[in-house]
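The values are calculated or read from the model by the stated rules, or taken from the named source; none is laboratory data. All values reported here derive from a predicted model rather than from experimental measurement. Cβ: placed from backbone, ideal geometry, glycine included. Neighbour counts: every protein chain shown.
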Amino acid sequence: MATLFEGFTLCGLVQTQSASDSAIQGIELDGDSDHAVVTDSTRAVTLYKVSDQKPLGSWTVKQGQLLTCPAVFNFQTNEYVVVSDNKVIRVWKEEDLHLDKAFKATVSADVWRVHSAPGGEPVVLFQRGAVRLLDSLLSAPQQPIEDILSEEEKEVIRWSTNIVAEKQHFVLFTTEQKGEHFLYVQRLNPNTLQKYRLEREDSRAPPLSFSASLRDKHINLLYLYPNGCVYQSVVAVQGPVGLEGVQALPRSLRLRLPVGEGELGAASAVALDEAHVAVVGMPHPSARTGKDFLCIWNTNFQTLQADKEMVGRICGQVGILRIVWCYLGKLFVPHGKALSVIPYECQKSSLASALGKLRHPGIAVSKSSVAIPSWNTLLHGDQPQGPTKIVDSRKSVLTVVHLQPFQTGPVEEVRREVEALVSRGDAQDLQLSVGRLACQLVARSQVETAFYAPGALARLVKTQCLCHSMCPDLLLLALEHKDYFLCQLCLQLFPDIPEVVTCACLKTFIGNEVLQTPYSDNLLVPHLKDLNAPQVILFLQYLQFIYLKYSQDVYTQTPVLRSPTMTQIIDWVCLLLDAHFTVLVMAPDAKGLLSNLQSFVKSQVKLFSELGKIEGSLQELHKMKPSKDISQYSIEVIELF
Amino acid sequence: MGEFKVHRVRFFDYMPTAIRAMAFNAHTERLALARMDGSVEIFNFTDHYFQEKVIPGKDSRSTESLCWVGGRLFSAGLNGEITEYDLENLRPKYSLEAYGGPIWTIISNTQGTQLAIGCEDGTVKLFEVLEEHIQFERNLDRQKGRIISLSWHPSGTHIAAGMMDMIRVFDVPTGHAVQRLLVDRGFGGSKSQETVVWSVAFLSDHTVVSGDSAGKVQVWDGHTGTLVKTHLVTKWDVLALSVSKDESSVVAGTSEGTVIQFQFIAPTLHQQQDKEWVRTRTFKNHTHDVRALAEIETAIVSGGMDTHLVVRPLLEKFDEKSHASGLRKIHFPHVSTEMAEITLVSNCLKKAGLLLFQFPGQLELWRLGDSDGHGKPGDRLPLKRKPEKLLLLKRKGEDHICCSALSSCGGWLAYSTVSCVRIYRLQTDNNNISITKVSKLPKALRSAHQLCFSSDSSKMFAASSQSSVLVIALTQSECKYVHTLKPKSGSRQPIHLMTTSVDGKWLAAANSDCEIRVYNLQKLKLHCIVPVYGSCPSAMGIHPTTNNMTVVHADQQLFEYSIVEKQYTDWSRKLQKQGLHNVWLDRDTPVTHVTFNPKNPNQVVLHDMHMFCIIDQSLPLPDQKTQFYNQMTLRSLSEQERPSHLHAFKICKTFQVSLLFLASLLDDQSLVVVERPLLAITSQLPAPVRQKKFAT
């Protein structure tokens, strides 16, 4: 699971002329983990203490000069480094008051960025692709700088970063040339440069953002396209030796974000760990467009783990490709008129935590053949294929199907079309098309109040290709229309219903099915508190009823599909009591119920203590067994061979 | 190979006493360990944790604390005395009354020039360490309340003292108390009880670590006297602390039987500079109070109320799994004659075995039972006669018995304490036994580390000081001093093993410097010295017919030495050339007895705590690929297939974890196994502090 915590505003932002321009060039760390060095888009560098949201120092260049690269911190000398007007490198310490009086050196070529990371010396990346260590550059500022990228071919840097591994230091940068994108990996000491060609997206659109991280001796490059596809490419740290020329960079699809209509404008994806990606600037799958969200997605299960609406436009600028920074468990997002800091936490994800607990084993078995592998199907197709081929090989059925009837046709026609589609499509294609179709039908129902197609939706749910995160509004829509049949179907078949929705279902009806929904205790309890007292009492009465029914014929009980187990019932009783105990104690009509439950608990405790005694006795018996000859003396015959 | 009748004896009520204190000498790698009965044991950590010395206890002595100064060992106890031990003669060298009431703790400074003790009357007394003695120097400022624990700052300028409800830091040159650190009391009911600071540790950076009776391990700044961190680790007491040599780790022993490790590390990866004391690991190898602790280079050594010594290796200090990286629990004395002498004699008239049990306070003489039935392997034979306790002999004086012996005819009994030797004449006719003390003993016979009789009972040998052996002639009327077998040169360490040959010609004596000397008893001269091997001999025996001596060492190596030819036998050379099987070498308890099968000259019988082994020298030696424990396999094979699978080492593990002693064979292929199950020892311990268990 991942969580986004309550954020805070680090500083206000000055609106720039064009709304899409970011007011921030860069945010960097310095030696103190609680500090952030913020460089704005014009002339100022400000050092903030993040936890206090307080500026500690600010440095500006003279009017007429312009900061052309974000300030960085030299971890080896504890100095700050910035570049103004492309060619002037300035170095200063925290106690220096004026930037003008600080050390400066003019170099012979235009600088693109200065990069710095703990454990490595700062490096300077020039606009034409050359790389120098800062120290050696400053010792001879006017040294000639070679061109790696040719000016005539119009190859320009779009994005860059550096990575310091244990002993190695890398500068990564991507370039664009005539619609093609390349990745350069520059290794320092010894210096080698490797060039990779990024695979071209169908739409020929340029990537919106890049993010690089180092894991298991491999550099993982994550990049987002306007169509919502997040790809990952892996470059070995060791690197191919002796390979010349441009190589193709294989990629794999990590995530396909729902982008709604059209394409993304400015958005950015950054990898938080192996399984989690934070995405800013894309619409929420269940919210209307026009609002920007910060979302954390689990790439293993393709589930939305946490989200937060960002007020105002996310500030981004095509070409800078960076509108979110992530340091030490905090996300820095400039949006609207503020720079927000949002702490997050990603826990190791497992299938169990992604799905919640308490999957009925019987159901899991009966469905596992379809439901569980569907994650894989969704991600990689049924057979393991070359990662690059996935997208191409999957031509959605929808592209073939006429969309017309679904958008305007009457309910009956929609049902027929759905039937036809479902019976026609093969399993792999269904995954995508069913999801889209369901979303479309739900969206239409939400707009046209008269339109509601229960049959078609039920048919779609029954394909077992749907899950809640694919079409989050479906269950709510069914609830709204009091379509209990569809609700039940959803509860039975969706593995990933959020606790809040489970509770919403509880409020409207109590069924076998709700109890069997997977959930996590600590997430469910707060939502359970939303139930009012009569609802809780009714629910408890119902639970007590089925408990009694079960305990009467516990021996004759046959495992029936769709009936909750004893443990599930007890767990729910406990959860309800946890959430509402004080309310129930006060409510006069709950008295009988509570005393019944208490006597039941008493009997259980007694039973368990008796069982404990029996267990103790049995253990003693077990211990006694080998020492049957406990006598003080015996004469025995043994044989050795 | 054949059937054996095994007498399983389980009426030996040997009960080790609780471990009270420990001190590790990092220079010599010797661990000194004090038990509640006042005895002190020395373990050699360079030689497979071999227990090389035992100084017997004394009734009035109660040791609270031990301390090494160079190679010298000091103790202090509630009798108010400081004792220095004579490690060559295994007795106290001198005791000194400190005049401060009961002493709770004794420490030395790192320079080894001074000792400090903490007394009941609230004084910390300093003693100067002189060459042969110690001398009182001065008191530090007297405090109200007893001084329970002390720790000397490595620089020697300050001493931290744990008291009731507080810790004091003393400036040693002036003797003034410079800091007072108040220790909180426990919560709830224990609020009214004073907190005892059971242990303190003073680190080089002036950090003071304390463990107290409220279950806390606290870290203090010794400069400012401020509390830095509190770790509440148990509901009961934290009794002992030990600091690693590099001061990066502290271990704490609690009443619950746990040992908890704290390490001085950065709590997060990002801030490697900001180190703090973080609780890291918990070890649970004890059921009762952990009273004594030592953190050594590669392991944590602990001991306490449950009587066994545990060596828990720190696995991160080992690159690979090896012999040293396994957990060691030492339950029983390694040289069993030190604390529980068991002698078996076959009584000529009745053909019955006699057993002598040695306890610190008494000797017990038992006659084995008998049966005349025959049975299949696995059967238990019906008893014709039950075993019988013939004699209970209580010692005189305060000193505990350190060794004893019974002659093979059953007519002589002898024991020794550090202050005297006593010899008794035994006479048995019908079922009556009479015992007469031999009144006049030679003056030279004052005390012995080991005693044994010649096989014809005409002589007694007593291992005496400086590795010498006294020869005493025994006749019906008197005991006469004959000779002292004294090495001209070489080691002065005490003899811990002694054995004679059946023909009465040879006597072999081994000392803790690993030397084995063989004396010719007819010429009363040194015959030869067995080539010195680097590990201490743990058991040896001379073959009744060939006079070859089998020696097993603490590192499990096995040699056979021909006394007559003064060289290793061919079999021994073959064994060394091929190497012992790894399974044999990996065992973790030493062999404590070697004996021989009188019916078959090829068979050597030996045992450790977990198994006994019959080595048949006529069979091929096992190589590393051979299945070493092969008795089960052999049993399942047919008689035709068996011979091809036989090898020399026949191991019987039927009598597990408890085997203490295996005596020589009686004439009808019988063995005597004396078992002391660990469960029987545990059941005699007081109940552990209550541990709440779920759902009970």
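Figures for the structure shown
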| quantity | calculated |
| --- | --- |
| Wholly enclosed strands (runs of 3 or more DSSP E) of segment B:203-243 bearing at least 3 residues farther than 24 Å from B:Phe24 by Cα and not aliphatic (A, V, I, L, M) | B:216-221, B:226-232 |
| Odd one out for B:Lys235 among (1) modelled with pLDDT of 90 or more; (2) closer than 19 Å to B:Val689 by Cβ; (3) of a type in the set (Lys, Arg) | (1) |
| Complete set of residues in segment B:239-252 that are under 20 Å from B:Glu276 (Cα atoms) and in contact (Cβ under 8 Å) with a residue 12 or more places away in the chain | B:Leu241, B:Ser242, B:Val243, B:Ser244, B:Lys245, B:Glu247, B:Ser248, B:Ser249, B:Val250, B:Val251, B:Ala252 |
| Complete set of residues in segment B:1-26 that are assigned to a loop (DSSP other than H, G, I, E, B) and either within 18 Å of the chain's Cα centre (by Cα) or within 14 Å of chain A (Cβ to nearest Cβ) (or both) | B:Met1, B:Arg10, B:Phe11, B:Phe12, B:Asp13, B:Tyr14, B:Met15, B:Pro16, B:Thr17, B:Ala18 |
| Evaluation of A:Asp30 against (1) crowded, with 20+ Cβ neighbours inside 10 Å; (2) acidic (Asp, Glu); (3) within 25 Å of A:Leu149 (Cα to Cα) (one fails), failing number | (3) |
| Conditions (1) surrounded by 10 or more Cβ atoms within 10 Å (Cβ to Cβ); (2) at pLDDT below 80; (3) more than 10 Å from every other protein chain (Cβ to nearest Cβ); number of the one not met by A:Asp629 | (3) |
| Failed item in (1) surrounded by fewer than 20 Cβ atoms within 10 Å (Cβ to Cβ); (2) over 28 Å from B:Asn511 (Cβ atoms); (3) under 32 Å from the mean Cα position of the chain (by Cα), with B:Gln603 passing the rest | (1) |
| Residue in segment A:187-194 that is buried (at least 17 other Cβ atoms within 10 Å of the Cβ), touching a Gly at 6+ places or on another chain (Cβ under 8 Å) and in contact (Cβ under 8 Å) with a residue 40 or more places away in the chain present | yes |
| Subset of segment B:626-642 [facing another protein chain (nearest Cβ under 10 Å), hydrophobic (A, V, I, L, M, F, W, C) and surrounded by 13 or more Cβ atoms within 10 Å (Cβ to Cβ)] | B:Leu634, B:Leu637 |
| Count of residues meeting criterion [under 19 Å from B:Arg61 (Cα atoms) and buried (at least 17 other Cβ atoms within 10 Å of the Cβ)] in segment B:404-439 | 3 |
| Complete set of residues in segment B:339-382 that are more than 13 Å from chain A (Cβ to nearest Cβ), part of a loop (DSSP other than H, G, I, E, B) and either surrounded by 14 or more Cβ atoms within 10 Å (Cβ to Cβ) or at pLDDT below 55 (or both) | B:Met339, B:Ala340, B:Glu341, B:Ile342, B:Thr343, B:Cys348, B:Leu349, B:Lys350, B:Lys351, B:Phe359, B:Pro360 |
| Test for B:Ser404: is it assigned to a strand (DSSP E or B), under 26 Å from B:Ser468 (Cβ atoms) and either among the polar types (S, T, N, Q) or within 14 Å of chain A (Cβ to nearest Cβ) (or both) | yes |
| Selected residue (criterion: nearest to A:Phe539 (Cα to Cα)) from residues of segment A:592-616 that are more than 14 Å from chain B (Cβ to nearest Cβ) and loosely packed, with under 12 Cβ neighbours inside 10 Å | A:Gly592 |
| Residue list for segment B:575-599, restricted to those being within 14 Å of chain A (Cβ to nearest Cβ) and either part of a strand (DSSP E or B) or surrounded by fewer than 16 Cβ atoms within 10 Å (Cβ to Cβ) (or both) | B:Lys599 |
| Residue ranges of strands (runs of 3 or more DSSP E) in segment A:1-95 with at least 1 members closer than 19 Å to A:Ala117 by Cα | A:24-28, A:35-40, A:44-49, A:67-74, A:79-84, A:88-92 |
| Qualifying residue in segment A:36-57 (condition: in contact (Cβ under 8 Å) with a residue 40 or more places away in the chain, surrounded by fewer than 17 Cβ atoms within 10 Å (Cβ to Cβ) and either touching an Asp or Glu at 6+ places or on another chain (Cβ under 6 Å) or within 14 Å of chain B (Cβ to nearest Cβ) (or both)) | no |
| Tally, over segment B:1-42, of residues that are of a type outside the set (Gly, Ala, Ser) and over 22 Å from B:Leu241 (Cα atoms) | 16 |
| Residue satisfying condition, being assigned to a strand (DSSP E or B) and among the aromatic types (Phe, Trp, Tyr), within set B:Tyr533, B:Tyr561 | B:Tyr561 |
| Residue tally, condition more than 24 Å from A:Gly31 (Cβ to Cβ) and over 35 Å from the mean Cα position of the chain (by Cα), over segment A:64-99 | 7 |
| Single residue of segment B:32-57 satisfying the filter (in contact with an Asp or Glu (Cβ under 9 Å, 6 or more places away or on another chain) and of a type in the set (Val, Ile, Thr)) that is farthest from B:Ile82 (Cα to Cα) | B:Thr46 |
| Counted residues, segment B:230-275 - those being surrounded by fewer than 16 Cβ atoms within 10 Å (Cβ to Cβ), away from chain A (no Cβ under 14 Å) and within 30 Å of A:Leu328 (Cα to Cα) | 4 |
| Any hit, segment B:385-393, residues being within 14 Å of chain A (Cβ to nearest Cβ), surrounded by 18 or more Cβ atoms within 10 Å (Cβ to Cβ) and of a type outside the set (D, E, K, R) | yes |
| Of the criteria (1) modelled with pLDDT of 80 or more; (2) more than 24 Å from A:Gln492 (Cα to Cα), which one A:Gln541 fails | (2) |
| Residue identified as at pLDDT 90 or above and farther than 25 Å from B:Leu87 by Cα among B:Ser464, B:Ser416, B:Ser454, B:Ser434 | B:Ser454 |
| Wholly within segment B:95-151, strands (runs of 3 or more DSSP E) carrying at least 1 residues that are of a type in the set (S, T, N, Q) | B:103-108, B:114-119, B:134-139 |
